[in-house]
1. What number does region 150-203 give for Rg over Rh if you use C-alpha atoms and the Kirkwood radius?
2. Below 20 Å, Cα to Cα, which aspartates and glutamates can LYS368 reach? Residues fewer than 8 away in the same chain don't count.
3. Among bridges DSSP assigns within region 132-201, what percent are antiparallel (round to 5)?
4. Semi-axes of the equivalent ellipsoid of region 275-353: what are they in whole Å, largest first, if each equals the square root of 5 times a C-alpha gyration tensor eigenvalue?
5. When DSSP beta bridges are limited to those with both residues in the chain, what percentage is antiparallel, rounded to the nearest 5?
6. Past 26 Å, Cα to Cα, is the threshold; run LYS208/LYS314; LYS101/LYS151; LYS42/LYS77 against it and keep the listed order.
7. I'd like to compare 176-185, 127-136: which one has the highest average count of other Cβ atoms within 10 Å, and what's the full order after that?
8. Just tell me which aspartates and glutamates come within less than 13 Å, Cα to Cα, of LYS25; anything on the same chain fewer than 8 places away is out.
Amino acid sequence: MQNDEKIFVTKASMPDYEEYIEMIKPLWDSHIITNMGKYHQKLELALRQYLCVPELSLMVNGHMALEMAIQAFDFPKGSEVITTPFTFISTTHAIIRNGLKPVFCDINPVNFTIDVDKIEELITEKTVAIVPVHVYGNVCDVEKIQEIAYKYSLKVIYDACHAFGETINGNGIGNFGDASVFSFHATKVFNTIEGGAVTFKNHEIYEKLFNLKNFGIHGEELIQDVGANAKLNEFCAIMGLCNLKKVDENISLRKCKFEIYDSFLRESYHIETPMMNELNIRHNYGYYYCIFKNNEERNTIYETLREHEIYPRKYFYPIASDAACFKQKYKDIDVNVARNISLRILVLPLYPELADEKIEQICKIILKTVKA
Ligand SMILES: *Cc1c(COP(=O)(O)O)cnc(C)c1O
């Protein structure tokens, strides 16, 4: 079992084998294994409660949740959407695949979310929405974004894929903007193997998303929208119900691991570490990242850790606007903060089972390299 020794950036949480097997047994009686079955409904309810949101629609994955959430607002084709380039490429693709144009706004250098002071200058008569990202679970300036959205009548759809379970002043993170999107991919703080959800306030959007994720079919004979197939199946829903029971414990364990990293690295004058000083936020400790002095140092540490079978990730490098598929279309835009951080950042392994000694080993390798 060679893989046992390799330390990846994350490790999928799984319930006890027996627990899961027991939970899926009834599926062999009902033979209802997808199409918004009993467990789909149960998980929607459980997640609505856990995330403290009034409305939630489960999806097959986070990406389709983003696509469906954007489609639900029926923006005219060719409209512009202001978003961040410092994200997983899914955010950008979801905008483009809806026939909309991403307009990249730079990030702030403090928590790497969209720079709210640079949004207004990008607004044109074609702008219809803002799609910010709570990157690494760092929350966006939701108040300022709402203010801008009201002023210009824009919709706000948050990519909250990194922010599962977070709260601002006790308010679930999925309550901000017009909709928020979560991913329940295996690599995330909470997983349904693959899965995702959209949260929102307005029940009409629930109906709309229900259609969109099922080919646009409304009732048996009416095909109301050009939908997709983005339904979460019952096996995944059950995985979610099992994993949800342990998510708080996992977040506490992540916090301990996060603090061990911090105890070694925070004081280093050569490294920038996450700023966790907002007292009103419940964080999910999904990611621990370091910003190094320059690209060369980041790459050296990346390679050195890999030599020790430790696999950190260069999240997010390249930034979305520099992805090869865009063929340098955005090479001249001003997203210099994002580009700069992207060259210097490394996301380190972090998951509940990660051994404390491993964290110590990782930190020592890093500290040795930055001081060398
Ligand atoms: C994971 C992720 C997605 C996509 O979610 P999937 O469930 O993998 O489809 C989108 N945006 C961000 C920021 C993510 O981290």
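1. Reported Rg/Rh, Kirkwood definition of Rh: 1.03.
2. Within the straight-line limit of under 20 Å, LYS368 reaches these aspartates and glutamates: GLU259, ASP262, GLU267, GLU272, GLU296, GLU297, GLU303, GLU307, GLU309, ASP356, GLU357, GLU360.
3. 65
4. Equivalent-ellipsoid dimensions as semi-axes: 24, 19, 12 Å.
5. 60
6. Distance filter (> 26 Å) returns LYS208/LYS314; LYS42/LYS77.
7. 176-185, 127-136
8. Here the aspartates and glutamates satisfying the reach criterion relative to LYS25 are GLU234.
The values are calculated or read from the model by the stated rules, or taken from the named source; none is laboratory data. Here the structure is a predicted model, which means the values were calculated and not measured. Cβ atoms come from the backbone with ideal geometry, glycine included; neighbour counts cover every protein chain shown. SASA here: full protein model, heavy atoms, side chains in, ligands and nucleic acids out. Shrake-Rupley method; radii C 1.70, N 1.55, O 1.52, S 1.80 Å.
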